[in-house]
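Asks: Pasting in a structure now, in structure tokens, and then I'll have a few things to ask.
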Amino acid sequence: MRSRRFREAVLLTLGVITPIGILAVNASAFVMVHLTAFRIGIAACALVSGLVLNGLTAWWLLRLASRNAPPLFREYRTWAVGAAVLIVLVTAVGGGFLTYLGLRDPKRLPDALSVIVATLMLALPFAVSIAARRLAGIGGIIPVEEPPGKERSPRHSGSSLRTRI
């Protein structure tokens, strides 16, 4: 009984994968034939992706700075936000432009430049977030809010419960 269900599942999977594979191959061939037209769109998508990923990372870093060093952040807020915007724009535009350059010749694909740029565009926000979390003393990789009741309470130095009562 079990082997019959397994065979049916395998046949169903193969029956679904084959048409999807045929569609993917034909779509890839269409893109390769019209690569000059698609490379602008792909570069624009790389630009938007860089803006989103790096922008979210920069926003999280600015929030972290405002929580961990409020007086310093208030004083230099304009400079911090300006630097964050500039870094996000430069990295996103650079990623989009290098992607555009990497897709210039369909005979040279897969292009090492495109692969390296895409890898760096994915790795940069994660690396910056991990480094910032380590510097801030926050565990884990994904920034999450502390659950209610788990927040750190401020320490009272030099006083005990007996002296306060």
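All of the numbers you see were taken from the coordinates with simple rules; none came from a lab. The shown structure was predicted, so the numbers you read here are calculated from the model rather than taken from an experiment. With ideal geometry, Cβ positions are generated from the backbone for all residues, glycine too; neighbour counts draw on all protein chains shown.
Asks: Taking region 1-141 as the region of interest, what is the percent of Cα-Cα pairs per 10 angstrom bin, listed from the shortest bin to the one with the maximum distance?
Replies: Per 10 Å bin, starting at zero, the Cα-Cα P(r) for region 1-141 comes out as 11, 26, 22, 18, 15, 6, 1, 0 percent.
Asks: Of the listed peptides 127-138, 19-30, what is their order by residue-averaged count of other C-beta atoms within 10 Å, with the highest listed first? Intermediate values should be presented prior to the final figure.
Replies: Numbers: 127-138: 13.2, 19-30: 9.9.
Top to bottom by mean Cβ count within 10 Å: 127-138, 19-30.
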